[in-house]
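Take a look at the structure below.
What follows draws every value from the coordinates through simple rules; no lab data is involved. Everything numeric in this text was worked out from a predicted model, so none of it was measured. All Cβ positions, even for glycine, are placed from backbone atoms using ideal geometry, and neighbour counts span all protein chains on display.
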Amino acid sequence: MSGVPARITAALLVVVGVLLRLAPHPWNMTPVGASALFAGARLPLPVAIAVPVGTLAISDLLIGMHSLWWVTWGTVAITVVFGTVLRERTGPLAIGTVTVAGSLLFFLTTNVAVWVQGGMYPKTIGGLVECFVAAVPFFQNSLVGDLLWSGVLFGGWALATRVVPMLGRDDLEHDVRGVGTGALGRTDAQAEHEVGR
């Protein structure tokens, strides 16, 4: 997906993400991680990165900034890159595996940052372990939320492309030679040749 459809999709993901972050919810059970993966799978990389980073930037400004914003924003940007794996692998196992990997990345990066920057835990291996243990309930919510929202986004997209096949077309994408490819991944020349049969 590219061009105007990509920008509209990105804007919708940001608006929904911000609204759901502002709405009452269990800690860390938001669609931010899942939208990062979905954006990475479906949108051009610069637009895709703008989805979770924009969601966090807007909602953090409204909720209140925190000292680890750079870690959370950076981690969701990396999660988008994880999502690019799902451009070629679209099955439930691949989606589930990448979703768990994204959740683990967020858990590891944010809790190491809390341990390093904060004063709650001693700067020892024991303090790091204590920090991780204290964060397990938040991780459980993140994991459940990421899996749930990934199911909604990827499952919803799969259903939508079955109902309206035109949604799944990537006519505006080009291969490395600059030749346009159609919905089935054929070059324009191949598609023209097949029309003549």
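Using θ = phi - 60° and the Karplus relation 6.51 cos²θ - 1.76 cosθ + 1.60, list the HN-Hα couplings for the range 60-69 in order, rounded to whole Hz, with x at every Gly or Pro.
With the stated coefficients, the range 60-69 comes to 5, 5, 7, 7, x, 5, 10, 5, 9, 4 Hz.
Working out 0.36 nm times the residue gap between Thr124 and Asp60, then minus their Cα-Cα distance, what length gain in nm do you get to one decimal? Walk me through the numbers before you get to the answer.
Numbers: separation 64, 0.36 × 64 = 23.04 nm, distance 3.04 nm.
Stretched fully, the Thr124-Asp60 segment lengthens by 20.0 nm.
For the range 51-59, in order, what is each residue's ³J(HN,Hα) by Karplus, 6.51 cos²θ - 1.76 cosθ + 1.60 with θ = phi - 60°, in whole Hz (x at glycine and Pro)?
Along the range 51-59, the couplings run 5, x, 5, x, 4, 5, 4, 5, 5 Hz.
Debye sum, Cα scatterers, the range 1-151, no solvent: what log₁₀ I/I(0) at q = 0.17 1/Å?
-0.94
With a ≥ b ≥ c taken as the square roots of the eigenvalues of the C-alpha gyration tensor of the range 26-88, please select rounded if a/c is under 1.5 and otherwise prolate if a/b is larger than b/c or oblate if it is not?
Values: a/c = 2.21, a/b = 1.89, b/c = 1.17.
Because a/c hits 1.5 or more and a/b exceeds b/c, the range 26-88 counts as prolate.
Taking the Cα centre as origin and putting +1 on Lys and Arg beta-carbons and -1 on Asp and Glu beta-carbons, what dipole magnitude results for the range 3-163, to the nearest 20 debye?
Roughly 340 debye, rounded to the nearest 20.
In what order do Asp146, Asp60 fall by count of nearby beta-carbon atoms within 10 Å, going from fewest to most? Mind showing how you got there, number by number?
Values: Asp146 30, Asp60 16.
Ordered by Cβ neighbours within 10 Å, fewest first: Asp60, Asp146.
Which ³J(HN,Hα) values, rounded to whole Hz and listed in residue order, are derived for the range 38-44 from phi using the Karplus coefficients 6.51, -1.76 and 1.60 in 6.51 cos²θ - 1.76 cosθ + 1.60 with θ = phi - 60°, glycine and proline given as x?
Taking θ as phi minus 60°, the curve returns 4, 4, x, 6, 10, 10, x Hz for the range 38-44.
Need one number: nm distance between label points at Ile78 and Gln117, each 7 Å from Cα along Cα→Cβ, rounded to one decimal.
My value for the distance between the label points is 1.4 nm.
Using Cβ counts within 10 Å as a stand-in for footprinting exposure, how do Ile63, Ile125 rank, fewest first? Intermediate results must be reported in sequence, preceding the final value.
Working: Ile63 12, Ile125 8.
Sorted ascending by nearby Cβ count, the order is Ile125, Ile63.
Treat each spin label as a single point 7 Å out from the Cα along the C-beta direction, and report the Ser67 to Glu88 distance in nm.
4.3 nm
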